[in-house]
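First the structure, in the form of structure tokens, and then the observations on it.
Rule-based calculations on the coordinates, nothing more; no lab input. What you see is a predicted model, and the numbers here were worked out from it, not measured in a lab. Please note: Cβ atoms are built from the backbone with ideal geometry, for glycine as well, and neighbour counts cover all protein chains shown.
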Amino acid sequence: MRLFIAIEIPDEIKKQLGGMHTDIPGSRWVPLEQIHLTLSFLGEVDDTTLDLLTGALATIMVPGFNLCFSGTGCFPDRRHPKVLWVGLEPEPLLNSLASLVREAVLACNIPQEERHFSPHITLARLKLPTPREVGAFLDRPPKQELPQFRVREFTLFQSLLTSQGAVHTPVKTFALSPP
Ligand code: 3AM
């Protein structure tokens, strides 16, 4: 099973994020229902490791927290934009959650990237180098403030690659502790 771990975004906010869609040549916008905040990408995991992993994730104890949006940005940089995203204000509990998830994943012998956790919500992926159009997307003032939202759980997802793109299905949800 191809897996990743993420925080789900409330539907109302996903709708508002969908409103940030602009026409950029060669862009593929993430379908609304698939918008999420990735904590860890795992790749292919066998059933035995999946059992180990769900056990390890269930031991994570982090209190629930609020997340506030910050501005838009892109990876890897403005001159070579490949991924367009909306960022989140720093939240120490989000970082704690991401590091505990990473430790749990590594403890199950699932390799993780060295890169440090950079909280973002991917909105689009770009196939063509269009720095000018991307610049316009990044520099425009936000139409409306996105509301903060409460994180009470995180989710292990299956990502099935199909000819129509990835299909994400929740496998298991893990509750955060009450504050
Ligand atoms: O939320 P983002 O977009 O940063 O890009 C994929 C997405 O992250 C990433 O996993 C998240 C859920 O699909 N992803 C997909 N394939 C990947 C890979 N081979 C990957 N991350 C690292 N290596």
Task: Inter-centroid distance (Cα atoms) of region 50-99 relative to region 135-164, Å - done: 11
Open item on the list: Quick check on the chain: helices-only [θ] at 222 nm, where DSSP H runs of length 4 and up contribute -39,500 (n - 2.57) each and the sum goes over total residues. Nearest 500, please.
Closed with: -7500 deg cm²/dmol
Open item on the list: I need VAL62, VAL105 ordered by Cβ neighbour count within 10 Å, fewest first.
Closed with: VAL62, VAL105
Open item on the list: Using the Cα centre of the chain as the reference point, and only Cβ charges (+1 on K/R, -1 on D/E), how large is the resulting charge dipole? Debye, rounded to the nearest 20.
Closed with: 580
Open item on the list: Mean-square fluctuation check for the chain, GNM, Cα pairs under 10 Å: which of VAL167, VAL30, VAL134 is largest?
Closed with: VAL167
Task: Residues GLU91, GLU12, sorted so that the one with the fewest Cβ neighbours within 10 Å comes first - done: GLU12, GLU91
- [ ] Return one number: the angle in degrees, 0 to 90 and rounded to the nearest 10, between the long axis of the Cα atoms of helix 47-58 and the longest principal axis of the Cα atoms of the chain.
- [x] 80
Open item on the list: Show me, for region 159-166, the HN-Hα J-couplings you get by feeding each phi into the Karplus relation (A = 6.51, B = -1.76, C = 1.60, θ = phi - 60°), rounded to Hz, glycine and proline as x.
Closed with: 10, 9, 7, 10, 5, 8, x, 6
